[in-house]
Amino acid sequence: MRRLKSLFIHGGRSLLAILLAAFFLLPLFWLLTAPFNPRATLRAAIPSTPTLENFRAVFANRFAVRALLMNSPILAGGAMFGVTIIATLAAYALSRMRIPGHNVLVYVLILFSSVVTGTAAMVPIFLLLYSLRLIDTHIGVILVSIGGLLPTGIFLIRGFVDSVPRSYEESAIVSGATTWQMFRHVVAPVVRPGMMVVAVWAFVQAWGDFLIPMILIRSPDKMPAPVAVYSFYTEGGTPILTVVSAYSLLYTLPVAALYLFVNWRYGFRFFGGIKR
Amino acid sequence: MAPALIFIGVFLLFPFVWVFIISFTNRTLTGLGAVSPSFVGLQNYLRLFDLQRWMRPGEFGNALWNTLLFVVGSAVLGQVPLGLGMALVFHRCRRALREAVFTLAIVAWILPGVTVAFTWIAFLDRDFGTLNAILTSLGLGAVDWYFDYPLLAIILFNIWRGTAFSMLLFSAALGTIPPSYWETSEVVGATGWQRFRDVIFPLIRPHVLTALILVTLWTFNVFTPYLITGGGPLFRSETVSMYTYRVAFRFLEFGRGATAAVIIMVINLILAVGYLVSLKRQAVYQ
């Protein structure tokens with residue numbers, strides 16, 4: 001009886017796993033098949049004559065290639081470096097300066113960043129960059145991304161910084177290191193995994209962001225990939241699905257690769273950060 | 001510390017204050033309102049809350065109602081319970097099975113918004129969509145999702161998109177419960193439901209609250225569904241973030257857009273304060 005019950009539970013669980021896997025996988029089926037189909041429609045079907053012709057069509061469009069291989073990496077890379085460096089320094093200061101209530105401060109900043117980013121902040125951000133003459137520049141988009149991502153970045157890296165024993169730093173100071181030397185040679189090596197996590201996270205966020213560049217970038221040769229994909233439309237306004245699907249797949253690859261890397265290196269799960 | 005404060009000041013605090021000021025002006029991108037915006041008092045707010053046209057398609061009330069349905073459907077009834085259920089069911093089972101399901105959910109969560117928007121346009125298409133192909137082969141009729149149920153379509157999309165966060169959060173929370181608790185409840189012969197109600201739920205209640213408020217806050221601001229339905233047809237799936245975008249960057253009326261943004265921020269702020277208060281209350285009890 002007990003065995004029957006356990007068999008039942010295992011069977012039910014496997015069935016549930018299959019249903020859930022289908023729910024999460026089926027919408028992606030189109031993305032995996034259409035790029036290789038010479039006559040791709042919105043129908044997801046394994047192509048009878050798979051081809052790489054669609055990718056050739058993508059690379060024939062110099063404007064789209066530039067968006068994918070130059071503009072997007074510049075924007076995401078800039079945001080990644082900015083967020084990682086500034087968040088590390090800020091988390092270090094927060095952890096060492098003994099500001100009263102700094103835990104609450106970080107929480108308030110995170111909540112505040114989700115209150116203010118998104119469409120609600122787009123009007124003042126646009127006007128701000130307009131008056132700074134940074135509309136239609138890469139640096140403008142990068143600065144806005146850094147501002148929006150910083151609070152969560154500080155939150156993510158804080159746990160790693162807190163784990164550096166203070167005695168390490170004290171002994172460095174005793175042996176005559178400057179503050180900067182101490183930070184570089186003692187603190188940075190210990191928090192490097194945390195910096196990696198923040199860097200990957202910031203890159204993925206900035207790479208996938210659509211709203212900020214859509215509002216701030218005007219000229220086609222500066223657009224990143226998520227905005228440029230909307231150039232693959234016919235004059236009637238319908239997407240050319242063969243090229244759109246191939247381009248979407250190429251645009252997705254870096255994110256997928258980073259995920260695999262993080263999962264292999266660290267395991268993809270929450271670290272101590274969820275402890276409220 | 002200083003660079004971080006400058007960035008946060010310029011790109012978070014400053015816009016927060018400025019948007020209030022703009023919301024009382026008739027600022028536009030082009031024309032007279034761009035050169036010399038003038039103070040118009042509460043006019044934008046009265047226009048936004050003009051009760052006679054409040055609920056008409058394309059007006060703010062309609063967008064606010066859609067947002068409410070969208071948030072309740074996809075966050076409160078969708079992502080959080082589904083994430084909790086997945087974490088519970090796969091907590092104590094074979095590693096391979098759990099990894100497979102979790103990986104697929106995480107992939108849906110991390111792919112770029114534009115990519116998933118295209119795949120969902122294809123997935124729910126009336127004539128060629130994968131879902132309708134499955135429904136038809138099961139003998140059920142095809143459904144015109146984007147025309148008949150646009151709001152339901154983006155709710156489904158958002159559940160698919162965001163469940164991974166709740167799932168990972170609850171999975172980590174369950175990991176902190178000592179295995180002996182599970183074993184004891186097995187020995188005393190508790191059913192699965194009793195064990196959940198009397199042992200597990202009280203232990204993870206703080207995380208449930210965290211997930212509910214964070215996911216609600218994020219869902220409120222999410223913009224990706226605009227790439228799928230564009231708010232249509234006839235504004236039936238337009239949420240307040242799409243409304244703000246349309247007024248500010250399609251009509252280029254920044255004053256009116258800022259007014260809608262202020263309302264969004266006030267609602268968000270209430271949610272955030274609620275979150276902080278509940279955190280504080282838990283801290284007192286423990």
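Here are the numbers:
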read-out: Hits in segment A:103-120 - residues which are closer than 17 Å to residue B:6 by Cα, facing another protein chain (nearest Cβ under 7 Å), aliphatic (A, V, I, L, M) and open to solvent by less than 30 Å² (accessible area, probe 1.4 Å); value: A:116
read-out: Hits in segment A:26-44 - residues which are basic (Lys, Arg) and either on the phi > 0 side of the Ramachandran plot or without any contact (Cβ under 8 Å) to a residue 60 or more places away in the chain (or both); value: A:43
read-out: Helices (runs of 4 or more DSSP H) fully within segment B:106-216 counting 2 or more residues that are open to solvent by 50 Å² or more (accessible area, probe 1.4 Å), polar (S, T, N, Q) and farther than 24 Å from residue B:232 by Cβ; value: B:130-137, B:179-187
read-out: Breaking point among (1) surrounded by fewer than 16 Cβ atoms within 10 Å (Cβ to Cβ); (2) touching a helix residue (DSSP H, G or I) at 6+ places or on another chain (Cβ under 9 Å); (3) over 20 Å from residue B:116 (Cβ atoms), for residue A:32; value: (3)
read-out: Test: residue in segment A:168-175 that is in contact (Cβ under 8 Å) with a residue 40 or more places away in the chain, acidic (Asp, Glu) and open to solvent by 30 Å² or more (accessible area, probe 1.4 Å); value: no
read-out: Residue ranges of helices (runs of 4 or more DSSP H) in segment A:160-239 with at least 3 members hydroxyl-bearing (Ser, Thr, Tyr); value: A:166-174
read-out: Residue A:150 vs. criteria at pLDDT 75 or above, surrounded by 14 or more Cβ atoms within 10 Å (Cβ to Cβ) and not in a helix (DSSP H, G or I); value: no
read-out: Selection count where residues are within 17 Å of residue B:68 (Cα to Cα) and within 8 Å of another protein chain (Cβ to nearest Cβ), scope segment B:243-259; value: 1
read-out: Qualifying helices (runs of 4 or more DSSP H) (wholly inside segment A:1-78; at least 1 residues being more than 30 Å from residue A:209 (Cβ to Cβ) and at the interface with chain B (Cβ under 10 Å from one of its Cβ atoms)); value: A:2-33
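The values are calculated or read from the model by the stated rules, or taken from the named source; none is laboratory data. Owing to the predicted nature of the structure, the values given are computational and were not obtained by experimental measurement. Every residue, glycine as well, gets a Cβ built from its backbone with ideal geometry; the counts of neighbours run over all protein chains shown. Remember, those area values only see protein heavy atoms, side chains included, never the ligands or the DNA or RNA. Shrake-Rupley method; radii C 1.70, N 1.55, O 1.52, S 1.80 Å.
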